[in-house]
1. Which part of segment 142-167 falls in the paramagnetic zone of D107, meaning amide N under 18 Å from the point 7 Å along Cα-to-beta-carbon?
2. With θ set to phi - 60°, apply the Karplus curve 6.51 cos²θ - 1.76 cosθ + 1.60 along segment 39-45 and write out the HN-Hα couplings as whole Hz, x wherever there is a Gly or Pro.
3. Regarding segment 178-239, what is the average projected area of its C-alpha convex hull, in nm²?
4. Are there trypsin sites (Lys or Arg not before Pro) in segment 1-53 that DSSP puts in a loop and that have at most 14 other Cβ atoms within 10 Å, and which ones?
5. Could you calculate the FRET efficiency of R52 with R18 from 1/(1 + (r/R0)^6), where r is the beta carbon distance between them and R0 is 22 Å, rounded to 0.05?
6. List residues of segment 27-48, by number, whose backbone nitrogen lies under 14 Å from a label position 7 Å along Cα→C-beta of V5.
7. G166: net charge of surrounding residues, Cβ under 15 Å, Lys/Arg +1, Asp/Glu -1, itself excluded?
8. Tell me, what is the FRET efficiency for A200 and R96 to the nearest 0.05, using R0 = 30 angstrom and their Cβ-Cβ distance as r?
Amino acid sequence: MRILVTGSSSIAARGVARFVARSIQAHPALVLGLPTGRTMIPVYETLVAFHRRGQADFRRVTTFNLDEFIGLPPMSGGTFRAFMARHLFAHVNLRRGATHFPPSESDGSRYDAAIDRAGGLDLCIVGIGANGHVGFNEPAAQLSAVTHRVRLLPATRRANAYLFGGRMRDVPRWAMSMGIGTILQARAIVLLATGPDKAAVVRRAFGGVVTTRVPASLLQTHPNVLVVLDRTAARGLAR
Ligand code: GLP
């Protein structure tokens, strides 16, 4: 695992966007795992800017999002599909049908099979929840390796209330998430965490211990992980 500490959250986000753009330049048919979350908004803004400058061509790229809520009407602005359209998909040249979200109506094995058929994830970008979740793999005694249905913890629903005008009661209680095994099968993983609110969890996730109580800590077992932090999120890591 490599840890890169940058001077600010915008430099960190730009660094991740540059990593994605370079990966697409190297492998135009890149299969990309993508997260949602406020941390990612500047990454997607930068990717859109790169695309407009001709530095990121998504024509042959395929995307698989990490997670999606269950039970929202398809046109709801709170879905992760709407988030991705708003921040990235509507602004770049991805092909129709090249973007994927975990299915809410069936078991997740269809999603894992679709990722396999696409050749597996070349690169998976992830964030981290303040409780250590990655995708929607919530802290627990056991984690599901494959794409599965998750009951969201209250803290996670609170953290996602911004998608619903701040109304926690509107945040779904259930979601589908790629499993931790699906994520760990990606050839490369980049985790971005910024801001002082993530300092404590960054330390628990990357301080050396691996535990399902901090799902992101399992990334330490992967041979090709880059953790990108700003200075405030890195506070607390022994360096
Ligand atoms: C959500 C997403 C995660 C994301 C996390 C962090 O719950 N399902 O994939 O990493 O929140 O979000 P934020 O960047 O807003 O802190």
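Read-outs: derived from the displayed coordinates by stated rules, not from any lab. On a predicted model such as this, the values are computed, not experimentally measured, just so you know. Quick reminder, even Gly has a Cβ in these numbers, built from the backbone with ideal geometry, and neighbours come from all protein chains shown.
1. What the label zone holds, given the 18 Å backbone N cut-off, is 143-151.
2. 4, 7, 4, x, 5, 5, 4
3. On the way: hull surface 16.8 nm².
Average of the hull's projected areas for segment 178-239 equals 4.2 nm².
4. Values: sites: R2, R14, R18, R22, R38, R52, R53; in loops: R53.
Here the sparse-neighbourhood loop sites are R53.
5. Values: r = 15 Å, r/R0 = 0.68.
Computed FRET efficiency for R52 and R18 comes out at 0.90.
6. none
7. Details: positive: R38, R157, R158, R167, R169; negative: D170.
That sum, taken over residues with Cβ under 15 Å, equals +4.
8. Values: r = 42 Å, r/R0 = 1.39.
Computed FRET efficiency for A200 and R96 comes out at 0.10.
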